[in-house]
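Laboratory data are not the source of any read-out in this text; all were calculated from the coordinates shown. Please read all numbers here as calculations on a predicted model, not as lab measurements. Note that each Cβ is placed from the backbone with ideal geometry, even for glycine, and that neighbours are counted across all protein chains shown.
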Amino acid sequence: MGTFKGLPTALQHFAPQELWVIWRWKKTKKGKWTKPLYQARAPKQNAKSNDPSTWAPFDAALTAYSSGQADGIGLCLLNTNLGVFDADDCRNSGNGALEPAAQRLIKRANTYTEITPSGTGLRLIGVCHGAKIHRKQAVPNANGMSIESYRKAERYITVTGDALPGTTSQLTDIDALMDEVVSKLDAANNKTAKAGQTKGSKRTKPLDLDDLIRNGEQGLFGGHRARAIWYVICAMLRRGDSQQAIRATLLDRGNKISEKVYEQAKPVEYASKQISNAAKAVSEAVTLEDFYAYMPQHSYIYTPSCEPWPGTSVNARIPPVPLMRNGKPVLDEDGEQVMLKANAWLDEHKPVEQMTWAPGLPMIIRDRLVSAGGWIERKGVSCFNLYRPPEIELGDASKAGPWLEHGRNIYRGDFDHMQLWFAHRRQRPQEKINHALLMGGPQGIGKDTLLEPVKRAVGPWNFGEVSPGNMFDQFNPHVKSVIMRISEARDLGDVNRYSFYDHMKSYTAAPPDVLSCNEKNLRQYSVLNVCGVIITTNHKADGIYLPADDRRHYVGWSDAKKEDFASNYWTSLWGWYENDGGYGHVAAYLDSLDLSGFDPKAPPPKTPAFYDIVDANRAPEDAELADVLDKLGTPDPNDPNNIIRPNATTLIRVQNAATGDFENWIRDRRNRRQIPYRFEQCGYVPVRNDAATDGLWKISGARQAVYAKVDLSLRDRVKAAKAL
């Protein structure tokens, strides 16, 4: 039967990506219809929603569907930013009438919504960035309607393209709504279960594991029998039952908990897989100790990954915590132990007032807060440190030869300074190094290969990779980097090259001692400015802009060519990295280097390649402007061959003295933003008139910008401007 009407506009962005599968209707032994997955490129082979190697682009799925090899098309959610509400039993397939609860959800989500293959359900698809959610919850008083919520889940969804009339064709952000819906349904279902009012349930006593095994889900998990099975498996593992005993329990038809198991096509494999997954989850369990409460945003930092979790997700993974006072349990009116939700316990016992990123300091920095200017001492407060130290196993420094040989092969003498720079980042990540490395050379000579062990040495999570354009983005998580690599820097346009150079000043050197970090879905926070910048490029003439007086860049340039390396060179070197402990040997070598003679605050040496870049950036207009300034000057009375340029001048005077092509250039308004840079290259800087709100000087009846010699004092610059 056909279920696909066409790819909706909302999902066309995902069409080229390998996220797509196909499915076919299949009837179980119990008579229930299921939709197992198959590979679009190999329609007879099963696909898995957690195995990207079994997925394909949309075109492949459409081809399989159109040729009759599938009943429908599916989209895998893992590794996407998609969030989904799957609302079941909420639509009358005959007349299209919707449950009021479904209507309310559609209105609040205001995102792309389509009708599912059964015709009785709806799927609301939006954008999400929060922590993983994979929940199925009953909707109280909604005639059997349930909602499955997916975010970062190992699931797939059927795609019909059968859009619900009256809904938008766009994807909107449903992150906050998903957290709210899951939380409210949890609260409503927990309240119903506690009161013993869940439909079909007469239980009023606390949950009993053996009773759950014998009598099944009974509405205690909102109708979600898979959650009940998961609970049983985890509970049996925690009380010490063997996996074999648990499998026998789940496959015993005398236990009602087995009903869901026997609805599967392969019950034994299903039970074994669930037990295996649960055993891993229990052994690597998420525990209360893994979290801190981040009070400014009321979220919860998961320490293994330093990612924020919403309270609902914490409570979904962590059971309630007994409330204690003075070492004794707190009891309610019925003499029962009072329990706190996990997030409430964290709010009270493990709060942090701030977070930052600060290499060299502990995860919890006590009695200190960071501000725009540095640290503030304050008793009783805590700051969570997002920095994670490297975890590389050190090797033998004397065995780092292949890496050293590669570095010298491509950078010759420049590699001596680079080694010390790398070693500083490894040994002293908490200290700012006040110059960037510019690593240049032709494509294919192994710049990335040289940097890979350095990345491992400082910790891959402390090595940021960005493009020049990313540096101007609103969001800048890359400031949390021991090394920030800006790759493939080249000409961004004449003005943008200067803008990029100016913009990078706060990253390549300190002060500022603190940078603002702006990440999506998080409020801004301050981090220490200790990142070291590496810029890589294949382009010398039209790459990065550097002025002659730059003090922030060490330039290493390679004249090697990719043809210089034998065909087996790269496999041999990477084999040494991966299989012979090369990463650890390089880290040990960087640890062994003596940095006593390396001053991270001093300007770096200027190499021949540095001057090549400076000369390549000299525009012809610089020389032409210099000629006009000489023309406006006067002969030196002590040396007739020398011209004394004016202490100050105006743009209008320069325009009037210019001739030929340069006159056309300097009068062209499209070049106005470049003019201050040209004056600067000739030794002149703008002089502001503090007496005027616009900063301009009124000369000969017209407001004008004045430029004065940079080697004059500020007082003398103003004096020269007034004399015009």
note = Between Glu180 and Ser516, the two model label points (7 Å from Cα along the beta-carbon direction) sit apart by a distance in nm of 2.8
query = Using bins 5 angstrom wide from zero, how does P(r) for the range 397-615 break down, in % of all Cα pairs?
reply = 1, 7, 15, 19, 20, 17, 11, 7, 2, 0, 0
query = Using a simple charge model, +1 on the beta-carbon of Lys and Arg, -1 on the beta-carbon of Asp and Glu, nothing else, what dipole does the chain show about its Cα centre, in debye to the nearest 20?
reply = 2540
note = The answer for Val127, listing residues at least 5 apart or on another chain whose modeled amide H is closer than 5 Å to its amide H, is Gly83, Thr172, Asp173, Ile174
ask   = According to a simple spin-label model (label point 7 Å from Cα along Cα-to-Cβ), what is the distance in nm between Ala702 and Asp210?
value = 10.0
query = Alpha carbon centre of the range 338-400 versus the range 616-633: separation in Å?
reply = 54
task = Given the peptides 464-476, 559-571, arrange them by the average over their residues of other C-beta atoms within 10 Å, most packed first.
result = 464-476, 559-571
inquiry  = Let me check the size of the range 619-722 from its C-alpha atoms; what are the radius of gyration and Dmax in Å?
reply    = 13.8, 42
ask   = What residues qualify as long-range amide H neighbours of Leu438, i.e. H under 5 Å apart, gap of 5 or more or another chain, H built at 1.01 Å from N?
value = Ile535, Tyr554, Val555, Gly556
request  = For a footprinting-style exposure proxy, rank Cys517, Cys306, Cys128 by other Cβ within 10 Å, fewest first.
outcome  = Cys306, Cys517, Cys128
ask   = Taking the convex hull of the alpha carbon atoms in the range 9-195, what volume per residue do you get, in Å³?
value = 134
task = Please give the peptides 311-320, 134-143, 253-262 ranked by average Cβ packing (other Cβ atoms within 10 Å per residue), highest first, as a rough proxy for protection.
result = 311-320, 134-143, 253-262
ask   = Which order do His553, His13, His424 fall in if you start with the one that has the fewest other Cβ atoms within 10 Å?
value = His13, His424, His553
Sites matching GluC sites (Glu not before Pro) across the range 109-180 that sit in DSSP coil, with at most 15 neighbouring C-beta atoms within 10 Å = Glu154
query = Each label point is 7 Å from the Cα along the Cα-to-Cβ direction; what then is the distance between the points at Asn496 and Gln297, in nm?
reply = 3.0
ask   = Using the Kirkwood formula over every pair of different C-alpha atoms, what hydrodynamic radius in Å results for the range 21-60?
value = 10.7
ask   = If each residue's Cβ is checked for other Cβ atoms within 10 Å, how do Lys266, Lys399 rank with the fewest at the top?
value = Lys266, Lys399
note = Scalar couplings 3J(HN,Hα) for the range 562-578 by Karplus 6.51 cos²θ - 1.76 cosθ + 1.60 (θ = phi - 60°), nearest whole Hz, x for Gly and Pro, are 4, 6, 6, 10, 5, 4, 9, 4, 6, 5, 5, 5, 5, x, 5, 4, 7
ask   = Can you give the convex hull volume of the alpha carbon atoms of the range 664-715 per residue, in Å³?
value = 103
message = Tell me which trypsin sites (Lys or Arg not before Pro) from the range 20-121 have a DSSP coil assignment and no more than 10 other beta carbons within 10 Å of their own.
response = Lys29, Lys30, Lys32, Lys44
For the range 108-123, 3J(HN,Hα) per residue [Karplus equation, 6.51 cos²θ - 1.76 cosθ + 1.60, θ = phi - 60°, Hz, x = Gly/Pro] = 6, 6, 6, 10, 4, 9, 10, 7, 7, x, 6, x, 9, x, 10, 10
ask   = Taking the structure as given and computing semi-axes √(5λ) of the Cα gyration tensor in Å, which label from (1) 55, 48, 22; (2) 122, 64, 27; (3) 61, 31, 29 fits?
value = (3)
remark   = Long-range amide H partners of Val370, meaning residues 5 or more apart or on another chain whose placed amide H is closer than 5 Å, are Ile376
